Structure formats: C-alpha cells, structure tokens
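Where a number appears in this text, it was derived from the coordinates with a stated rule and is not lab data. Values in this document were obtained by computation on a predicted structure and should not be read as measured data. As a convention, Cβ positions derive from the backbone with ideal geometry for all residues, glycine included, and neighbour counts pool all protein chains shown.
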Amino acid sequence: MTMDVRDMRVSEGPAVYELLVAEGWSRRIGSFADFTALLAASQRAVVAVAQDGRIVGFARAITDGLSNGYLSMVVVDPAFRRRGVGRALVERITAGPPTITWVLRAGREGAAEFFAACGFTASSIAMERLRE
C-alpha cells in the first residue's frame, strides 16, 4: 500500500480534526479552536495520507528533542488499520536521537499490545495526576 507519512501541514487541521472526532477523541481535543491550540503547543505532529489525498492517520508528540518525549495521540482510520499505518506514524514521530525516552498512556483497547509491537515496554516507575 502506498502511504505518505509526513509532517502535518497547517491546512490539514480540519481534516485531522474530523478524523479525531470520528474516532472518539472529542473529549480530549475539545473544539477546533482548542485542537488548533494543542497543535501549536506540540513539537511534532505527523499525518498518514492515502493515495487519494485523504488523511487516514495522525500522531502528536511533545518533546524537548534531547531527553524526554511524550507521545500524546496516535489515531488511524479503521479502514486503514492493520496495514502498518500506525507503526509508520510512531516511527516517524519518535525518530531522532536515541537519547530520548518516549512515554505514553496506552489506555484504549489493544493499545498496550500495539505499542509493545512498536518497541515500548510497560513501566513500573510512571506516575500520573488525572484530569477531572
């Protein structure tokens, strides 16, 4: 399958927002204005684009580029799952110095298994303060 995985363009914001809403991320991203603010505060945002130009995947991360990184979102259109799109998004967004320790929350069904296949391991040292 031919798929372009690359940095997200500002003009693709509405299409990415639609994908996220369709996949149940409304509570996390809020309004389109809120989502735009999330993107502006992120150091990395990548998309997977199908041959027909449709956005079929998205990933967002926050990182200092040297030591720490947080993989915040990885979303793939259901019609394109199990085709390597998610893995390509993860590889693209976590590319860089091997000194970066990447962390994430794998709370959705199947997420732990997917991220383990991408090289992540469960950690016994992470802590979190949950939002309301």
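A few points about this structure:
- Our coupling estimate for segment 53-59, obtained by passing each phi through the Karplus curve with A = 6.51, B = -1.76, C = 1.60 and θ = phi - 60°, is x, 6, 6, 10, x, 8, 9 Hz, Gly and Pro reported as x.
- Under Karplus coefficients 6.51, -1.76 and 1.60, residue-wise ³J(HN,Hα) of segment 32-37 in Hz, glycine/proline x: 4, 4, 4, 4, 4, 5
- Alpha-carbon Rg/Rh ratio, for the chain, with Rh computed the Kirkwood way: 0.94
- With neighbour counts taken as other beta-carbon atoms within 10 Å, the residues Ile93, Ile55, Ile62 rank, fewest first, as Ile62, Ile55, Ile93.
- For segment 68-100, trypsin sites (Lys or Arg not before Pro) are listed when DSSP marks them as loop and at most 14 other Cβ atoms sit within 10 Å of their Cβ; the list is Arg81, Arg82.
- In percent, rounded to a whole number, the relative contact order of the chain is 21, using alpha-carbon pairs under 8 Å and six or more apart.
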